[in-house]
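A short worksheet on the structure shown next.
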Amino acid sequence: MINSKLLQTVRGFIADNFLFRAENEALDDDQSLLDSGIVDSTGVLEIIAFLEQTYEISIADSEIVPENLDSVGRIADYVERKRAA
C-alpha cells in the first residue's frame, strides 16, 4: 500500500503546477498524466526536479519511463521504492 501522505504531496504538486482547481478533484491515482495531456516532456522534467529535491533521491535517465512517472500512483510507488533502496 502506497503512503497516503506521499500520494497527497505528489498530487498537490501536480495540481499546483499543471491543473486548474476543478481538474484536481477529478485526478485519479491511475490516470495517465501523459496520455491525458496534463503533463508534457517539460512537465516530466519539472516532476523529476521536484522529486529529487523533495525526497532527496537521484533519478537516472534509464528510470525516466512511463512505468515510473506516468500517474500519481506510479510516481508515489516509484519514490517509495527509491527511498527503500
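Tabulated values for the structure
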{"item": "Residues (within 14 Å of ALA15 (Cα to Cα), open to solvent by 20 Å² or more (accessible area, probe 1.4 Å) and part of a loop (DSSP other than H, G, I, E, B)) located in region 37-68", "result": "GLY37, ILE38"}
{"item": "When residues of region 69-85 are limited to those that are assigned to a helix (DSSP H, G or I) and open to solvent by 20 Å² or more (accessible area, probe 1.4 Å), the one farthest from SER41 (Cα to Cα)", "result": "ALA84"}
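The values are calculated or read from the model by the stated rules, or taken from the named source; none is laboratory data. Remember, it's a predicted structure, so these values are computed and weren't measured experimentally. Side chains are part of the model used for accessible areas, which takes the heavy atoms of the whole protein and leaves out ligands, DNA and RNA. Shrake-Rupley method; radii C 1.70, N 1.55, O 1.52, S 1.80 Å.
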